[in-house]
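What follows is a single structure, written as structure tokens, with notes after it.
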Amino acid sequence: MKSGDLKITILVDNQAGQGLIAEHGLSLWIEADGRHILFDTGHGDALEANARALGVDLGETDILVLSHGHYDNTGGISRVLKHARKVAIHCHPGVLKPRFSIRDGKAKPIQIPQNSKSAIDRLPPHQLHWISQPVMLSMRIGLTGPIPRETSRGDGCYLRPML
């Protein structure tokens, strides 16, 4: 990649190309300004296999951004931290709150998995960045800060990348 280039690789999505694993969730690998940013980690099962197949070394992750606290965006955190021990995590404090989906009148938990939450809890404080306002991660990559999601359930805030 040349200096000044921006490259985004989809590691996890509901649909996948040949030789890749599809799963409910999302994970993007962003290369820009000499930084390697992982935006979400998917449900977890497809992340490492797809990264290998696409030539992405998760150990090079400088920054892990968690957009919100659902299992399908945070399930691979412990796998990322196994490879990238000095990664800085950027997320809203609400990422750790319990979350539920209501279907047919029944509540189903959809929050961050316990192994991912435990992995975050084990991090030294200087690796955790709780985002409550817009922040730049590099010269050209930033986070919007919280975007309120107004619903009757009040299920929280989301972060979006600014490219």
Pairs under 6 Å by beta carbon, first residue of a type in the set (Ser, Thr, Tyr) in the stretch 120-138, partner assigned to a strand (DSSP E or B), six or more apart or different chains?
-> Ser138/Ala32; Ser138/Arg35
Flagged pairs (Cβ under 7 angstrom, 6 or more apart or on separate chains; first in the stretch 23-41, on the phi > 0 side of the Ramachandran plot and of a type in the set (Asp, Glu); second surrounded by fewer than 19 Cβ atoms within 10 Å (Cβ to Cβ) and not in a strand (DSSP E or B)) are Asp33/Ser138; Asp33/Met139; Asp33/Arg140
Could you name every one of the helices (runs of 4 or more DSSP H) located completely within the stretch 1-110 that has at least 1 residues being under 17 Å from the mean Cα position of the chain (by Cα) and of a type in the set (A, V, I, L, M)?
-> 47-53, 77-83
Select from the stretch 49-69 the residues that are surrounded by fewer than 16 Cβ atoms within 10 Å (Cβ to Cβ) and more than 16 Å from Ser138 (Cα to Cα) and list them in ascending order.
-> Ala49, Arg52, Leu54, Gly55, Asp57, Gly59
Options Gly154, Gly145; residue that is surrounded by 14 or more Cβ atoms within 10 Å (Cβ to Cβ), modelled with pLDDT under 90 and of a type in the set (Gly, Ala, Ser) = Gly145
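The values are calculated or read from the model by the stated rules, or taken from the named source; none is laboratory data. From a predicted model like this one, the values you see are computed outputs, not experimental measurements. Neighbour counts are summed over all protein chains in view; Cβ atoms, including those assigned to glycine, are modelled from backbone coordinates with ideal geometry.
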